[in-house]
Amino acid sequence: MSAEEKYTPGEIEAKWQQYWADRKTFTVTEDTSRQKYYLLEMFPYPSGRIHMGHVRNYSIGDVVGRFKRMRGFNVLHPMGWDAFGMPAENAAIKNNSHPAVWTYENIAYMRGQLKQMGLSYDWDREIATCDVSYYRWEQKLFLEMYKRGLAYKKQSFVNWCPSCETVLANEQVEDGACWRCDSEVQQKELEQWFFRITAYADELLDYTAKMPGWPERVLVMQRNWIGRSTGCEIDFPLDARTDAIRVFTTRQDTLFGATFMSLAPEHPLALQLTAPDRRAEVEAFIDKVKKTDRIRRTAEDFEKEGVFTGSYCINPVTGRRMPIFLANFVLVEYGTGAVMAVPTHDQRDFEFAQKYDLPLVVVIQPEGASLDPATMTAAYTEAGTMVNSGRFDGQKSDNAKEAIADWLEQEGKGKKTVNFRLRDWGVSRQRYWGNPIPIIYCECCGAVPVPDKDLPVVLPQDVVFTGEGGSPLAKLDAFRKVPCPQCGKPARRETDTMDTFVESSWYFLRYCCPDFEEGMVDKARTDYWMSVDQYIGGIEHAVLHLLYARFFTKVLRDLGYISVDEPFINLLTQGMVIKDGAKMSKSKGNVVDPDALIKKYGADTARLFSLFAAPPEKDLDWNEQGVDGCYRFLNRVWKLVHEFLSAVQGAAVLDVAVLTDEERALRRAVHKTLRKVTEDLDERFRFNTAIAAVMELMNVLQGAKLTLPQAGAVMKEALDLLLQMLAPFVPHITEELWQRLGHTGCLADTPWPAYDAAAVADEELLIVIQVNGKLRSKLSVTIGADEEAVKTQALADDKVKVFTDGKQIRKVIYVPGKLVNIVAG
RNA sequence: GCGAGAGUGGCGGAAUUGGCAGACGCACCAGACUUAGGAUCUGGCGGGCAACCGUAGGGGUUCAACUCCCCUCUCUCGCACCA
């Protein structure tokens with residue numbers, strides 16, 4: 001093979017990347033006359049270099065982007081950097097450098113890596129969230145949210161990671177450990193800024209029913225996280241006091257069975273209600289619970305324990321005097337931190353009552369049975385018929401729920417409420433490398449927003465990284481000490497920065513208008529592009545980022561910035577990249593380096609294998625031999641095109657009217673493949689089967705002979721279509737071959753071809769013949785063959801006769817164009 | 001425990017509406033070319049000598065079941081003392 005004919009991915013990939021960049025092939029502008037398609041992949045954290053997860057994520061996105069573009073859409077396909085965050089700070093401490101230097105160097109390197117992959121981004125829209133031109137608008141938004149009470153400060157117990165030396169949001173704590181470094185999270189009382197995401201809890205939940213483009217499991221996770229439950233708040237008057245304990249319950253139908261009260265050990269009334277002679281015991285208990293870490297305390301098998309306070313409250317509907325306990329399983333942060341205990345109908349209360357010998361009253365009887373408190377071995381938690389419940393006796397407990405709630409409201413003893421598991425989003429971080437919270441604290445005026453004219457608060461560069469903990473900003477007097485914008489007296493600036501999830505909650509809006517200098521978003525442009533038609537990323541953000549981004553979208557809508565309710569119409573959560581049965585990690589030594597991969601095989605092979613080895617939402621098993629297979633396939637494509645080059649270039653115009661049977665069969669294969677690839681890309685995102693279909697076609701084309709009169713023309717059509725079909729997957733090799741076939745334009749700019757319906761139509765059909773459901777023979781019939789004739793032919797078939805001889809034909813089933821099933825016996 | 005998803009050759013995976021199970025690729029085997037082959041090409045490749053048996057296991061519906069229904073097992077993910 002001559003040097004000219006050898007496939008050299010390194011050369012041709014660089015050539016075409018330069019070509020696309022020079023011509024700004026993928027640069028887009030708003031054009032209301034065209035249908036838009038906003039395609040987005042989750043932007044990366046600039047950690048240093050891309051990993052195989054990125055390769056897969058962005059390969060998937062690029063196929064969609066290039067395909068939609070060929071389909072005629074005005075495709076917005078941007079890329080940027082989630083550039084604030086702690087690793088930059090840690091690296092700065094370690095290398096005695098600066099987070100900004102580290103970050104921008106990483107961005108430069110990773111941008112190069114992405115460009116080497118031939119991804120169809122509009123690089124003119126690139127953003128980095130650590131750039132003041134980006135984060136300045138976030139500060140403005142923060143202040144708008146502050147004005148409307150959507151951002152507020154409160155003293156509270158917060159999740160504290162001792163290793164990262166910062167606060168974590170609830171969403172960033174996994175099994176009691178830091179989501180990033182896995183250290184055990186502690187509780188610390190601090191003044192923190194919060195975003196009032198709970199104000200949108202109902203809408204965030206309701207919309208999960210209106211998002212058919214999202215995977216059900218992500219929606220379920222979000223619903224669980226929001227955790228809406230409907231019930232009642234009921235006041236239990238305290239014995240010998242004028243105040244009451246308020247509980248939240250979803251089971252007001254069991255109210256008549258409440259025999260004692262359980263409070264969280266952290267409940268504000270806990271010590272107040274403790275009788276002097278019980279004080280020592282209660283304090284010891286509270287101390288013990290506080291020392292127990294949260295992981296153990298919330299484990300299911302954790303033993304229920306409590307302590308009697310010595311005080312009583314009154315069941316508002318029965319008048320029963322109920323002892324008040326502190327219980328280790330009652331959580332102060334959920335509901336009111338107090339639980340009315342109904343041991344007969346709640347398993348936890350039942351176990352607690354057994355342990356402390358507390359009374360049991362049955363108020364719901366199951367269908368056809370009668371519970372006796374003396375013999376019960378577990379709580380009965382299902383529905384049933386009300387008993388011992390005064391005026392509600394005899395009602396079905398399901399119906400009584402509503403009736404009791406109404407009655408409590410009438411009597412002024414309680415009210416219907418909705419309770420959420422979702423907490424407000426704590427956004428303060430005691431770190432340097434983040435967006436400064438634009439607030440100034442003044443002795444006289446309190447928390448004062450930084451005035452508009454002083455925005456943005458620029459993150460100072462001249463800080464020292466000692467690694468000693470605490471935010472470097474807090475030690476920088478030049479930053480910290482400012483006069484109060486209101487009264488002019490000496491004041492101090494907020495030195496906490498915002499959680500980096502704040503930046504990723506609106507970056508998709510900024511891509512619509514990255515150069516806009518008048519504000520956060522240019523409404524006209526954003527209205528054109530939003531919402532994102534297809535979002536692609538990992539499942540690990542199912543709650544965190546995807547919930548925050550939905551929240552921000554709704555806030556920005558209500559502030560008038562944008563017009564949509566939801567940011568992402570369709571969500572694809574791609575699977576992980578696995579090797580040797582485990583997620584790639586340095587410690588396991590199973591990491592594949594994208595640079596080495598591209599150097600050895602080229603970007604087209606790397607992309608092709610990422611797409612071919614598994615459907616996108618499943619985990620992908622990385623396998624070097626499989627990569628080899630993809631590389632071989634591309635070499636075969638390369639050779640095939642060159643083999644037919646001269647025949648194709650001298651070919652006449654295709655005349656479908658005068659084709660031989662063999663030529664028609666070849667065209668049928670080509671157009672059937674085109675139909676399948678189009679369907680797989682357009683409707684199903686099934687890249688693996690689309691590629692398999694093209695491989696199959698390749699096998700057909702390789703076997704094709706060129707002795708037929710119109711072979712050149714047929715082959716020219718076949719190769720053109722083959723390259724167009726493959727273009728979204730392997731853009732470089734196809735551009736190169738497209739050019740070598742004599743085309744002058746850019747393949748990426750060609751419209752996606754339509755298959756020829758006439759060419760696809762079969763002339764003959766292969767009918768499967770079964771006897772008693774088992775495949776026995778096959779029959780070739782002309783299209784539209786008469787049913788009776790096919791049946792007769794089937795029955796006369798020699799191979800069929802072997803199985804029907806001597807038997808009675810009971811029935812013959814004919815599925816037109818598919819099969820004949822002969823029932824004999 | 002609850003919820004969701006999955007279980008198909010040696011491996012990754014196909015089978016779109018109940019209609020040829022195993023497409024495509026990898027691995028493997030044989031052959032060709034070759035000084036050579038970890039290159040390339042050609043052919044084979046679920047099990048069984050066969051009748052037949054095969055989509056986690058068992059039952060059912062149907063002319064026909066990987067696909068629908070019931071039961072069981074296993075795995076993955078999510079939630080989990082949330083009152």
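The values are calculated or read from the model by the stated rules, or taken from the named source; none is laboratory data. Computed from a predicted model, the values in this text were never measured in an experiment. Ideal geometry is used to build each Cβ from the backbone, glycine not excepted, and the neighbour counts take in all protein chains shown. Only protein heavy atoms, including side chains, enter the accessible area calculation; ligands, DNA and RNA are left aside. Shrake-Rupley method; radii C 1.70, N 1.55, O 1.52, S 1.80 Å.
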Pairwise centroid distance, computed over Cα atoms, of the range A:181-249 with the range A:106-170, Å: 25
task: Would you calculate a helix-derived [θ] at 222 nm for chain A, using -39,500 (n - 2.57) for each DSSP H run of n ≥ 4 and dividing by the full residue count, to the nearest 500?
output: -11000 deg cm²/dmol
message: Below 8 Å between Cα atoms, with a sequence gap of 6+, how large is the relative contact order for chain A in percent?
response: 14
task: For the range A:143-273, just say rounded, prolate or oblate: build the C-alpha gyration tensor, square-root its eigenvalues into a ≥ b ≥ c, call rounded for a/c under 1.5, and beyond that prolate if a/b exceeds b/c, oblate if not.
output: oblate
- prompt: Using the Cβ atoms and a cut-off under 14 Å, what net charge is assigned to the surroundings of A:GLN793, where Lys and Arg are +1 and Asp and Glu are -1?
  reply: -1
task: Round to the nearest 10 and give me the degree value, 0 to 90, for the angle of helix A:787-796's Cα axis relative to the longest principal axis of chain A.
output: 80
- prompt: Sorted by accessible area with a 1.4 angstrom probe, largest first, how do A:ASP477, A:ASP131 fall?
  reply: A:ASP477, A:ASP131
Considering only chain A, percent of DSSP beta bridges that pair antiparallel, nearest 5: 75
query: Helix A:687-703 sits at what angle to the longest principal axis of chain A, using alpha carbons and giving 0 to 90 degrees rounded to 10?
result: 10
message: Can you tell me which lysines have their Cα less than 24 Å from the Cα of A:LYS818? Leave out same-chain residues fewer than eight positions away.
response: A:LYS672, A:LYS676, A:LYS774, A:LYS778, A:LYS791, A:LYS799, A:LYS801
query: Accessible area, 1.4 Å probe, largest first: how do A:PHE508, A:PHE73 sort?
result: A:PHE73, A:PHE508
field: Projected-area average for the range A:14-59 over all orientations - Cα convex hull basis, square nanometres
entry: 5.0
message: For the range A:637-693 and the range A:25-94, what is the centre-to-centre distance using only Cα atoms, to the nearest Å?
response: 31
Proximal lysines relative to A:LYS154, as straight alpha-carbon distance under 28 Å, when same-chain residues fewer than 8 apart are discounted: A:LYS140, A:LYS188, A:LYS288, A:LYS290, A:LYS291, A:LYS415, A:LYS416, A:LYS453, A:LYS475, A:LYS481, A:LYS489, A:LYS554
message: For a distance above 28 Å, tell me the whole-number percent of Cα pairs in the range A:642-785 that qualify.
response: 25
- prompt: In square angstrom, what is the accessible area per residue of chain A with a 1.4 angstrom probe?
  reply: 44
message: What is the distance in Å between the Cα centroid of the range A:536-602 and that of the range A:771-786?
response: 49
message: What is the angle, in °, between the Cα long axis of helix A:9-23 and the longest principal axis of the Cα atoms in chain A? Nearest 10 is fine, range 0 to 90.
response: 70
- line: Treating every alpha carbon of the range A:587-692 as one equal point scatterer without solvent, the Debye formula yields log10 I(q)/I(0) values at q = 0.10, 0.19 Å⁻¹ of -0.44, -1.10
- line: With all protein chains present and a 1.4 Å probe, the order of A:ASP619, A:ASP593, A:ASP452 from largest accessible area down is A:ASP452, A:ASP619, A:ASP593
query: What ranking, highest mean first, results for peptides A:520-530, A:24-34 when packing means the other Cβ atoms within 10 Å averaged over each residue?
result: A:520-530, A:24-34
- prompt: From the Cα gyration tensor of the range A:459-588, with a ≥ b ≥ c the square roots of its eigenvalues, which class applies: rounded if a/c is under 1.5, or else prolate if a/b is larger than b/c, or else oblate?
  reply: oblate
message: Among A:306-314, A:788-796, how do they line up by average Cβ neighbours within 10 Å per residue, starting with the highest?
response: A:306-314, A:788-796
- line: Excluding ligands, DNA and RNA, the carbon-plus-sulfur percentage of the accessible area of chain A with a 1.4 Å probe reads 49
- request: When a/c is below 1.5 the answer is rounded, else prolate if a/b is larger than b/c, else oblate, so apply that to the range A:108-180 with a ≥ b ≥ c taken from the square roots of the Cα gyration tensor eigenvalues.
  value: oblate
- line: Treating every alpha carbon of chain A as one equal point scatterer without solvent, the Debye formula yields log10 I(q)/I(0) values at q = 0.08 Å⁻¹ of -0.90
query: Order of A:381-390, A:721-730, A:553-562 by packing, highest average Cβ count within 10 Å first?
result: A:721-730, A:553-562, A:381-390
